[in-house]
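Please read the structure below before turning to the comments.
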Amino acid sequence: MLTFIINFILIISLSVRIVSTRTKRIATSNSLFSVIFLIGQFSNSIQIPILAKYVEESLVSNLELSSNFFRIIIAASTFGAILGAISIPTIHRFMARGVELLYNHHTILGLIKKSFSISTVQHLKNSVKWPDKLNFIRLKNVEKMNVNIFILNILVYSFMTSSMLSCLYAGVLNPELRTTSLSLSGFAGGLGTIIMLLLIEPYHSVLTDKVIEEKVSNAFFRQHLSFVILARIIGTLISQILFIPLSKVIVWVAAWI
């Protein structure tokens, strides 16, 4: 469930970009994005010790821990990403009000306090919307796709999905190095986040600014985000393939250091 929630949050965080273009409040929207990102990171920090304890108890009890256990968790990230993609039309409409509330109340605490009201529930109900068919039609127009960003999203997201689980499974492959392998999860996760922030997010930020400045059409921007979401869903599927080889690499690194 935590894996499902984490990937759901990471996907819906893209809706902040749409909110930025709708409200024209980039800085306020980015503040809301930071909160959503921190929730995802906090969920991830809870997930790691729970899984680590499960692996540790299995090794101590001499129970065979199949790779299928980890593959089910990776599958949960795929389902979370898919649900996040389906929810984006609803989330970005709902979050637009959140940005306005944050703009008026200046603090996240003020926003949270204001959110606990009947009007917020009613607004969420009114915001519910299924993805438009146009979003799927846009995916057919592949000649307008930024191939480099599309491939980069696939690679980075597949690595981020499988890296922590690979560190845990590396401890199963070589129990004598399980502590070292687990300690590498922070490095692996941090590396994926750094690549995301250095190579992918700046492009999204610049594109958002260009939409607001009307240098890029809103239709192209929506199409780009559709390709990014698709790339990230594909990334979770590829992580099923990457999972075992990466585990073996981590075992080698743990032995080498």
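Read-outs throughout are calculated quantities, based only on the coordinates presented, and are distinct from any laboratory measurement. A quick note: this is a predicted structure, and the numbers were derived from the prediction, not measured. Here Cβ is always computed from backbone atoms with ideal geometry, including for glycine, and neighbour counts include all displayed protein chains.
Could you give the DSSP H helices of the chain that reach 30 angstrom or more along their long axis (alpha carbon positions) and whose average Kyte-Doolittle hydropathy is no lower than 1.0? Don't jump to the answer; show the numbers that get you there.
On the way: long enough: 26-60 (51 Å, 0.95); 67-105 (50 Å, 0.79); 147-173 (37 Å, 1.66); 218-256 (50 Å, 1.34).
Sorted by number, the helices that extend far enough and score high enough are 147-173, 218-256.
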Nitroxide proxy distance, nm - points 7 Å out along Cα→Cβ at I46 and I244: 3.3
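Please order W256, W130 by the number of other Cβ within 10 Å, starting at the fewest.
W256, W130
Answer rounded, prolate or oblate for the stretch 33-97, using the Cα gyration tensor with square roots of eigenvalues a ≥ b ≥ c: rounded when a/c is under 1.5, else prolate when a/b is larger than b/c, else oblate. Provide the component values of the computation, followed by the final result.
Numbers: a/c = 6.27, a/b = 2.16, b/c = 2.91.
Taking the square roots of the gyration eigenvalues as a ≥ b ≥ c, the stretch 33-97 is oblate.
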Residue-span extension gain [N68 to T193] - 0.36 nm each, minus C-alpha spacing: 42.4 nm
Contact order normalised by residue count of the chain, Cα under 8 Å, 6+ apart, percent: 26
Of [x] 130; [y] 171; [z] 138, the label for volume of the Cα convex hull per residue in Å³ derived from the coordinates: [z]
Label-zone membership for the stretch 146-172, site L2, 7 angstrom Cα→C-beta point, backbone N under 18 Å: 160-172
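Kindly provide the helix-only [θ] at 222 nm of the chain, computed as the sum of -39,500 (n - 2.57) over DSSP H runs of four or more divided by all residues, to the nearest 500 deg cm²/dmol?
Values: 11 runs with 214 residues, N = 257.
Theoretical 222 nm ellipticity from helices: -28500 deg cm²/dmol.
Which of the peptides 173-184, 53-64 is most tightly packed, and how do the rest follow, going by the mean number of other Cβ atoms within 10 Å of each residue? Write out the running numbers ahead of the final one.
Values: 173-184: 17.9, 53-64: 11.6.
With the highest mean Cβ count within 10 Å placed first, the list reads 173-184, 53-64.
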